[in-house]
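The values are calculated or read from the model by the stated rules, or taken from the named source; none is laboratory data. Because the structure is a prediction, the values reported are computed rather than measured. Reconstructed Cβ throughout: ideal geometry from the backbone, glycine too, with neighbour counts over all protein chains shown.
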Amino acid sequence: MTDTVNPIQIQKFLQGVDYPADKAALVSAAKDNGADSNVVRAVEGIPERTYEKPTEVSEAIVEAGRHPESHGKIQNNHGNNVEPDGVPGGDTDDEGDGERFDAG
């Protein structure tokens, strides 16, 4: 999500922010300080809350980058979003023939 944006470098675009600050104030400051679209997108990607200090913003940017807009899904080897079990909407079996084995 952050397109190789370093969260520490983002702080230069957040100069002048009075903390605590909410997400809207951080996005506005980044834009006002001439941040490029990657930086603005990174700040827009953090959770909606009040941040007490710059390090909290950096941590939120890193965390948001670990979980890009997948809403609980992960990417498979082909770059497609899938459910955590590997298949959209359901479980897989080990054989791949569509039949399930219930040992229980």
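Of all positions in segment 40-56, at least one carries a residue that is surrounded by 17 or more Cβ atoms within 10 Å (Cβ to Cβ), among the aliphatic types (A, V, I, L, M), in a loop (DSSP other than H, G, I, E, B) and under 13 Å from the mean Cα position of the chain (by Cα). The residue pairs whose first member lies in segment 26-47 and is touching a residue at least 12 places away in the same chain (Cβ under 8 Å), whose second member is polar (S, T, N, Q) and part of a loop (DSSP other than H, G, I, E, B), and whose beta carbons are closer than 6 Å, counting only pairs six or more residues apart or on different chains, are Ala42/Thr2. Is it the case that Ser28 is in a helix (DSSP H, G or I), modelled with pLDDT of 55 or more, among the hydroxyl-bearing types (Ser, Thr, Tyr) and crowded, with 16+ Cβ neighbours inside 10 Å? Against the criterion (in a helix (DSSP H, G or I), modelled with pLDDT of 55 or more, among the hydroxyl-bearing types (Ser, Thr, Tyr) and crowded, with 16+ Cβ neighbours inside 10 Å), Ser28 does not qualify. Assess whether Asn76 counts as being at pLDDT 95 or above and touching a Gly at 6+ places or on another chain (Cβ under 9 Å). Judged against the criteria, Asn76 is not a match. The residue that is modelled with the lowest pLDDT, counting only those in segment 4-14 that are within 16 Å of Glu63 (Cβ to Cβ) and assigned to a loop (DSSP other than H, G, I, E, B), is Val5. Consider Val17 carefully, then state whether it is within 16 Å of Arg66 (Cα to Cα) and either more than 18 Å from the chain's Cα centre (by Cα) or assigned to a loop (DSSP other than H, G, I, E, B) (or both). So Val17 fails the test.
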